[in-house]
Structures are given as structure tokens and as C-alpha cells.
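Undergrad: Handing you this structure, nothing more for now.
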Amino acid sequence: MLDRVTLAHFRNHPDTRLDGAVRFNLLIGENGAGKTNVLEAISLLAPGKGLRRAALTDMALEGGPGGFAVSAALAQVAGEPVQIGTATLPGRPGRRIVQVNSAECPAVALGEWLAIGWLTPAMDRLFSDTPGARRRFLDRLVLAREPGHARNAARAETALRERNRLLSSESEPDPAWLDAIEGQLAEAGAEVSAARGRMVASLSEALAVLPEAPFARPLLAYLPGGPSEREALTAAMAESRRRDRAAQRSLIGPHRDELGVTMVGKGQPASECSTGEQKAMLIAITLAHAGLLDGERPQVLLLDEVAAHLDPLRREALFERLASGRAQVWMTGTERAPFSALGPDTAIWRVAGGEAERLG
């Protein structure tokens with residue numbers, strides 16, 4: 001698990017260091033103090049754009065040097081401490097640098113060292129959001145279990161952009177070039193679809209054995225946006241060229257996948273459920289996912305204001321489920337009272353004005 005986290009010129013944190021992190025870690029403070037910024041910094045220790053999906057240039061401290069740095073120590077990975085970090089430089093604020101033990105590496109390599117998941121208030125709208133938001137959510141779940149998914153997804157996205165460019169060009173695209181691009185897209189897309197399908201199947205099995213209370217239990221369905229097999233997807237794209245060219249974009253493929261979610265008991269689509277029911281289903285999915293991850297890589301779970309709208313019964317159930325798992329947990333709240341059930345071994349920091357003070 002993470003043993004030490006440092007933030008330099010990140011958001012409103014000019015120089016913050018959190019030493020001695022334990023299994024449960026709580027950040028308390030007023031709204032706007034910088035608690036979520038700490039969670040966002042930790043989320044950047046995974047591949048991707050972090051829990052806010054913000055531009056790198058927006059993360060640097062306003063009035064600072066123009067870049068930022070986030071680093072953390074992983075306590076005793078395979079018997080040895082490991083230092084991981086990410087940063088941007090003032091001269092190139094839009095380029096992300098990633099290092100493991102001082103050696104530069106691609107961002108996707110972070111997934112080989114750490115599995116990070118999170119829940120934020122913004123995700124409460126997930127089930128009524130766009131299909132793209134749910135695909136990103138599903139891909140993040142896959143990535144925490146299968147680090148290689150990031151490479152396959154990147155390859156598929158690159159091929160998709162090139163195919164769309166060719167389809168939208170004024171001149172008729174070269175069929176041979178389309179053949180080559182579609183072959184690349186089908187190869188990577190089939191891997192992406194297979195990984196998404198495996199994740200939904202595994203989550204469904206884990207959720208099926210859970211009670212319907214105190215957290216609403218969701219029923220998941222993977223809805224592919226086209227054939228999932230490589231050969232079938234290649235053939236489908238070739239057949240759809242005329243239609244896709246008229247639309248000037250690809251109308252079939254893994255970029256059209258959807259995650260279907262229904263509330264068990266009511267048989268109602270999640271998008272039509274109450275805000276409380278949707279949040280409860282998100283918590284159920286997150287906890288089930290954490291239970292699927294193996295112990296080969298440290299697990300970190302970031303929960304932003306997760307206890308704010310839970311009644312005492314659900315808060316207690318949440319903490320019990322977290323305690324029975326393996327993940328290191330980082331939580332935020334405006335006061336300590338809702339987290340009293342966590343016990344005396346919780347590490348607590350008070351965050352104010354971009355500074356963090358250890359309380360216990």
C-alpha cells in the first residue's frame with residue numbers, strides 16, 4: 001500500500017506531504033480546502049487522466065512555476081520499497097512524465113504496480129450520463145484488473161481516429177489502406193471487447209451473491225456495439241463503409257459499447273432510479289470490483305465524500321465491507337463524526353488552505 005504521498009505545486013497544494021499512511025486514511029476539512037485534490041493526485045498514479053479527467057495544465061498550482069509533481073512510496077512491493085511518481089515540467093506543461101524508481105516509463109506501466117479505483121460525487125450521475133462515460137467507467141474497472149487493457153484501448157482509439165479521418169475525407173479513401181486500418185482496429189477492438197465482457201461477467205457473479213440490502217443490488221449487462229470477434233468485426237466494418245462514409249464516422253465497434261445496469265428487485269433501469277438508489281448501486285459495484293482484484297499489486301480505493309449522504313446503517317455496512325477487503329482506503333469528509341466507526345487505527349489529516357496536518 002501507499003506509505004507516503006507528496007504533492008508539489010499541485011492544484012492548491014504548494015508542498016504537501018502525507019507520511020505514515022495506513023489501511024484507512026481520512027482527510028477532513030471544509031469544502032474547497034483541497035481534500036479532493038489529494039485524491040486526484042493519488043489517482044494520477046494510475047494510467048489515465050485521473051478522477052476529474054482534467055487537463056494537465058489545469059492541475060498546476062496557480063501562480064506557481066508552471067509544472068507539478070506527485071509521488072508516493074509503495075511499502076514493500078515484492079520485498080522492496082518502490083517509488084512511483086508523475087509530473088509535468090514548466091516548459092512543457094502538457095506533457096506528462098512518469099517514473100518508477102527514478103526511471104522514466106510510459107504512463108500505462110503504472111497499472112503494473114498499483115490498482116486504483118475511486119468514487120466521487122460527480123459519478124452519481126453515471127447511469128444517466130452518456131454511454132461514453134459508462135464505457136470509461138467500465139474500462140477503468142478492467143484496467144485495475146488487467147493492466148494490458150490500456151495498451152489495447154489506446155491502439156483501438158488510434159485506429160478508430162485514422163479510420164474516421166479516412167471516412168470523412170473529401171476524396172474516396174484507398175480500400176487497401178482502409179483494409180489495413182480496419183485490421184488494426186479489429187485486432188485491438190476484439191481484445192478490448194473481450195476484456196470488458198470478462199469484467200462484466202465477473203462483476204455479475206460477485207454481485208449475484210450479495211443481498212439486496214442495505215445497498216441496492218445492480219444487474220449488469222455488457223452490450224457490445226458490434227461483433228466482438230476479430231474476423232466478424234473486420235467483415236462488419238468492410239460492409240459498413242458506405243454507411244459510415246455517409247455518416248463520416250464509424251457506426252459499429254467497441255467505441256459503441258454500452259454498460260446496461262438494472263436495479264434488482266424493481267427491474268428498473270438504473271437511469272430511472274432515485275439518486276440514493278443509484279449511489280447505492282455504484283457503491284455495490286465498487287465494492288464487488290475491489291473483491292475481484294488479486295493480491296499481486298497493491299490496491300487503493302479513493303472515496304470522495306462517500307459517507308455524506310449515507311444513513312448510519314449504510315455507513316456501518318460500507319465500513320464493514322471495506323474492512324473485510326484488501327484495499328487501502330482514502331476518504332474525505334467535512335467532519336470526523338460520520339467516520340467514528342472506523343476505529344482508532346485510522347490515519348487522519350486535517351486539510352486547510354492546501355496544507356495537511358496529521359491529527360492521528
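Values in this text are rule-based calculations from the coordinates and carry no lab data. Predicted, not measured: the structure shown is a model, and the values here were computed from it. Quick reminder, even Gly has a Cβ in these numbers, built from the backbone with ideal geometry, and neighbours come from all protein chains shown.
Undergrad: How high is the relative contact order of the range 26-69, given as a whole-number percent (alpha carbon pairs under 8 Å, six or more residues apart)?
TA: This gives 18 percent for the range 26-69.
Undergrad: Give me the percent relative contact order of the chain, please, defined on Cα pairs under 8 angstrom at least 6 residues apart.
TA: For the chain, the relative contact order is 25 percent.
Undergrad: Can you tell me how the range 97-163 classifies by the Cα gyration tensor, rounded, prolate or oblate, using a/c under 1.5 as the rounded cut?
TA: Oblate is the answer for the range 97-163, as a/c is 1.5 or above yet b/c matches or exceeds a/b.
Undergrad: What residue among GLU258, GLU30, GLU239 has the largest mean-square fluctuation in a Gaussian network model of the chain, using Cα springs under 10 Å?
TA: Comparing GLU258, GLU30, GLU239 in the GNM, the peak value goes to GLU239.
Undergrad: Based only on the alpha carbon positions, what is the Kirkwood hydrodynamic radius of the range 140-283, in angstrom?
TA: Kirkwood hydrodynamic radius for the range 140-283: 16.8 Å.
Undergrad: Could you work out the local net charge near THR286, counting Lys and Arg as +1, Asp and Glu as -1, over the other residues with Cβ closer than 11 Å to its Cβ?
TA: Taking every Cβ under 11 Å from that of THR286, the sum is +3.
Undergrad: When Lys and Arg each count +1 and Asp and Glu each count -1, what net charge do the other residues less than 13 Å away from ARG134, Cβ to Cβ, add up to?
TA: +2
Undergrad: How big is the Rg/Rh ratio for the range 1-145, C-alpha atoms only, Rh by Kirkwood, two decimals?
TA: Radius of gyration over Kirkwood radius for the range 1-145 works out to 0.95.
Undergrad: Same structure again: Among 195-204, 112-121, how do they line up from the highest to the lowest mean number of other beta-carbon atoms within 10 Å?
TA: With the highest mean Cβ count within 10 Å placed first, the list reads 112-121, 195-204.
Undergrad: Moving on to the next point. So, by mean Cβ neighbours within 10 angstrom, what's the order for 52-61, 159-168 with the highest one leading?
TA: So the peptides 52-61, 159-168, ranked by packing, come out 159-168, 52-61.
Undergrad: Going by alpha carbons, how many degrees (0 to 90, nearest 10) lie between the helix axis of 175-208 and the longest principal axis of the chain?
TA: So the inclination is approximately 40 degrees.
Undergrad: What would the Debye equation give as log₁₀ I(q)/I(0) for the range 315-359 at q = 0.22, 0.27, 0.28, 0.33 Å⁻¹, counting only Cα atoms as equal point scatterers?
TA: Those come out to -0.86, -1.15, -1.21, -1.42, one per q.
Undergrad: Turning to a different aspect of this structure: When the chain is fully extended, how far beyond the present Cα-Cα distance does THR275 get from LEU313, taking 0.36 nm per residue of separation?
TA: Full extension of this stretch gives 11.9 nm more.
Undergrad: Over the Cα atoms of the range 265-307, each weighted equally, I'd like the Debye log10 I(q)/I(0) at q = 0.26, 0.27, 0.28, 0.33 Å⁻¹, rounded to two decimals.
TA: For the range 265-307 at q = 0.26, 0.27, 0.28, 0.33 Å⁻¹, log10 I(q)/I(0) is -0.97, -1.01, -1.04, -1.21.
Undergrad: At q = 0.18 Å⁻¹, work out log10 I(q)/I(0) for the range 68-126 with the Debye formula, treating every Cα as an identical point scatterer and leaving solvent out; two decimals please.
TA: -0.75
Undergrad: Which aspartates and glutamates have a Cα lying under 12 Å from the Cα of LYS49, excluding residues fewer than 8 positions away in the same chain?
TA: The reachable aspartates and glutamates, counting only those whose Cα sits under 12 Å from LYS49, are GLU40, ASP58.
Undergrad: By the scheme Lys and Arg +1, Asp and Glu -1, what is the net charge of all other residues having a beta-carbon under 11 Å from that of VAL329?
TA: +3
Undergrad: Would you list, by chain and number, the lysines whose Cα falls below 18 Å from the Cα of LYS279, excluding same-chain residues fewer than 8 positions away?
TA: Within the straight-line cut-off, LYS279 pairs with LYS266.
Undergrad: Could I have the simple spin-label model distance between SER204 and ASP179, label points 7 Å from Cα toward Cβ, reported in nm to one decimal?
TA: Going by the 7 Å Cα→Cβ label model, 3.7 nm.
Undergrad: Which distance in nm do the two modelled labels at ALA247 and ARG95 give, with both placed 7 Å along the Cα-to-Cβ direction?
TA: In this crude label model, ALA247 to ARG95 measures out at 3.7 nm.
Undergrad: Taking only the C-alpha atoms, wrap a convex hull around the range 204-360 and report its volume per residue in Å³ as a whole number.
TA: Output value, Cα hull per residue: 194 Å³.
Undergrad: With the chain treated as a Gaussian network of Cα nodes joined by springs under 10 Å, which of GLN184, GLN248, GLN278 yields the largest mean-square fluctuation?
TA: Sorting by GNM fluctuation, first place goes to GLN248.
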